[in-house]
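Engineer: My questions all concern the structure below.
The values are calculated or read from the model by the stated rules, or taken from the named source; none is laboratory data. Quick caveat: nothing in here was measured; it's all calculated off a predicted structure. Cβ placement follows ideal geometry from the backbone for every residue including glycine, while neighbour counts extend to all protein chains displayed.
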Amino acid sequence: MTELSSLPKPQIIEELDIRAKEEELLKRLRGLYAARGIEITTLALESESATALTELIASVDNNIRTRINDAARSNLLAFAKGSDLDHLVAWLGITRLEGEGDERLKRRYQLAVLGRSAGGPPERYIAIALGASLEVRDVKVWAYDHEPVVNVAVLSAIGNGDASPQLLEKVRSALELDSIKVTNDRFNVISAVRRTENLLVQVRLAPDASLSVLDEVKAEIPAKWAEQDLLGLDLDPSWVTATARIAGVTGVKLPNLQDAVPADEFEAIGIGTVEVEFIGRGR
């Protein structure tokens, strides 16, 4: 799927420079006076009425061109937002879910375009799953050779990513609509989080650090983990250690996480309980 931010700047979007426009207008004005045999030596002075007039014209011109640029952007997926984006995606029959942000809606649109063939590639089913509920954060779709079963792993946007039975049923129902699925396809809809790791984090604090830092570490680790692109991401001890080293922390030990916990490409590792143990102070 194309990363929209990597696309070159659209040629239709004009670079605006109001000062250059003022200079251009002054030059044209001088030319008009010269053509009539009128010599003006102080036209470039800001106190001159002609200069004030060119500044006004340049400002009006800049405002008009800015509006034209905005109108052009509203028709480009990378720049469209709000109701302009709603209209842009509507031609594929896509509507914004209540509370859905622009970036998520753009992703669904791109996936729908990629999956428009009958039955469609995995992108089609991913788009359908994302459209089933705003609670769906991410989806992986795969099938094994010569098997009619389409596996769909759902990562929830709530908690540690473990999809609830209710969410899985919503996704399954959306995929099994007669207007969507291929006759022979059967869906195995599962949570992407199939194992959860409980962490014991031993923390050494700086001499002047408050004990409240321990609570901050406890909240920081699951919060930062939830921000990651979790599908297929190993839970690495080095990541936990780096995340736990917030201001006031001088040392971190992970007695029950010596090696990385591997995740296959269709799986997300969930973080369960995080126990933070104070092991003293030092630099």
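Engineer: Residue check: is GLY93 out of contact with any Lys or Arg (no Cβ under 6 Å at 6 or more places or on another chain) and at pLDDT 90 or above? Quick ask: steps written out before the conclusion?
Structural biologist: Numbers: out of contact with any Lys or Arg (no Cβ under 6 Å at 6 or more places or on another chain): yes; at pLDDT 90 or above: no.
Judged against the criteria, GLY93 is not a match.
Engineer: Restricting to the stretch 13-49, name every residue that is modelled with pLDDT of 70 or more, more than 21 Å from ILE68 (Cβ to Cβ) and touching a helix residue (DSSP H, G or I) at 6+ places or on another chain (Cβ under 7 Å).
Structural biologist: Selection gives LEU26, LEU29.
Engineer: When you go through (1) closer than 26 Å to LYS253 by Cα; (2) outside the structural domain of VAL252 (by TED's automatic domain parsing) one by one for VAL201, which number turns out not to apply?
Structural biologist: Just one mismatch for VAL201, condition (2).
Engineer: So if I check each of LEU199, LEU230, which one is closer than 27 Å to VAL139 by Cα, outside any helix (DSSP H, G or I) and at pLDDT 95 or above? Steps first, answer last, please.
Structural biologist: Working: LEU230 fails: at pLDDT 95 or above.
Exactly one residue qualifies, and that residue is LEU199.
Engineer: Being part of a loop (DSSP other than H, G, I, E, B) and without any contact (Cβ under 8 Å) to a residue 40 or more places away in the chain is the filter; apply it to the stretch 237-248 and report the residue that is surrounded by the fewest Cβ atoms within 10 Å (Cβ to Cβ). Talk me through it step by step, then tell me what you get.
Structural biologist: First pass over the stretch 237-248, keeping only residues part of a loop (DSSP other than H, G, I, E, B): 245-248.
Checking the rest, the ones that are also without any contact (Cβ under 8 Å) to a residue 40 or more places away in the chain come to 245-247.
Numbers: ARG245: 15, ILE246: 14, ALA247: 8.
Looking at residues that are part of a loop (DSSP other than H, G, I, E, B) and without any contact (Cβ under 8 Å) to a residue 40 or more places away in the chain, I get ALA247.
Engineer: Could you list all residues from the stretch 113-168 that are free of Cβ contacts under 8 Å to residues at least 12 places away in the same chain and not in a loop (DSSP other than H, G, I, E, B)?
Structural biologist: PRO165, GLN166 - these are the residues of the stretch 113-168 that are free of Cβ contacts under 8 Å to residues at least 12 places away in the same chain and not in a loop (DSSP other than H, G, I, E, B).
Engineer: Consider VAL189 carefully, then state whether it is at pLDDT below 90, of a type in the set (A, V, I, L, M) and over 17 Å from GLY93 (Cβ atoms). Spell out how you get there, then give the answer.
Structural biologist: Numbers: at pLDDT below 90: no; of a type in the set (A, V, I, L, M): yes; over 17 Å from GLY93 (Cβ atoms): yes.
No; evaluated as a whole, the condition is false for this residue.
For every residue, the table says whether it meets (1) among the polar types (S, T, N, Q); (2) out of contact with any Phe, Trp or Tyr (no Cβ under 6 Å at 6 or more places or on another chain).
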| residue | (1), (2) |
| --- | --- |
| SER83 | yes, yes |
| ASP86 | no, yes |
| VAL89 | no, no |
| GLU98 | no, yes |
| GLU103 | no, yes |
| PRO122 | no, yes |
| VAL141 | no, no |
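Engineer: Condition test on THR273, is it hydroxyl-bearing (Ser, Thr, Tyr), closer than 23 Å to VAL136 by Cα and in contact (Cβ under 8 Å) with a residue 24 or more places away in the chain?
Structural biologist: Values: hydroxyl-bearing (Ser, Thr, Tyr): yes; closer than 23 Å to VAL136 by Cα: yes; in contact (Cβ under 8 Å) with a residue 24 or more places away in the chain: yes.
So THR273 fits the description; yes.
Engineer: Mind checking which residues of the stretch 225-236 are surrounded by fewer than 16 Cβ atoms within 10 Å (Cβ to Cβ) and either under 19 Å from VAL201 (Cα atoms) or touching an Asp or Glu at 6+ places or on another chain (Cβ under 6 Å) (or both)?
Structural biologist: Initially, the stretch 225-236 is screened for residues surrounded by fewer than 16 Cβ atoms within 10 Å (Cβ to Cβ), giving 227-229, 232, 234, 236.
If the condition is that a residue be surrounded by fewer than 16 Cβ atoms within 10 Å (Cβ to Cβ) and either under 19 Å from VAL201 (Cα atoms) or touching an Asp or Glu at 6+ places or on another chain (Cβ under 6 Å) (or both), then GLY232, ASP234, ASP236 are the ones that fit.
Engineer: How many residues are polar (S, T, N, Q), assigned to a loop (DSSP other than H, G, I, E, B) and surrounded by fewer than 16 Cβ atoms within 10 Å (Cβ to Cβ) when one looks only at the stretch 49-101?
Structural biologist: Within the stretch 49-101, the first condition is being polar (S, T, N, Q), and the residues that meet it are 49, 51, 54, 59, 62-63, 66, 69, 74-75, 83, 95.
Now drop any that are not assigned to a loop (DSSP other than H, G, I, E, B), which leaves 74-75, 95.
When the remaining residues are screened for being surrounded by fewer than 16 Cβ atoms within 10 Å (Cβ to Cβ), the result is 75, 95.
Of the residues in that region, 2 qualify.
Matching residues to (1) crowded, with 19+ Cβ neighbours inside 10 Å; (2) within 19 Å of ARG96 (Cβ to Cβ); (3) of a type in the set (S, T, N, Q):
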residue: ALA127; (1), (2), (3): yes, yes, no
residue: ALA132; (1), (2), (3): yes, yes, no
residue: ASP138; (1), (2), (3): yes, yes, no
residue: VAL141; (1), (2), (3): yes, no, no
residue: GLU147; (1), (2), (3): no, no, no
residue: VAL150; (1), (2), (3): yes, no, no
residue: ILE158; (1), (2), (3): no, no, no
residue: GLU169; (1), (2), (3): no, no, no
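Engineer: To continue, here is another question. Kindly provide the set of residues from the stretch 102-123 that are hydrophobic (A, V, I, L, M, F, W, C) and loosely packed, with under 15 Cβ neighbours inside 10 Å, ordered by number. Break it down into steps so the answer makes sense when it comes.
Structural biologist: Residues of the stretch 102-123 hydrophobic (A, V, I, L, M, F, W, C): 105, 111-114, 118.
Across the stretch 102-123, the qualifying residue is only ALA118.
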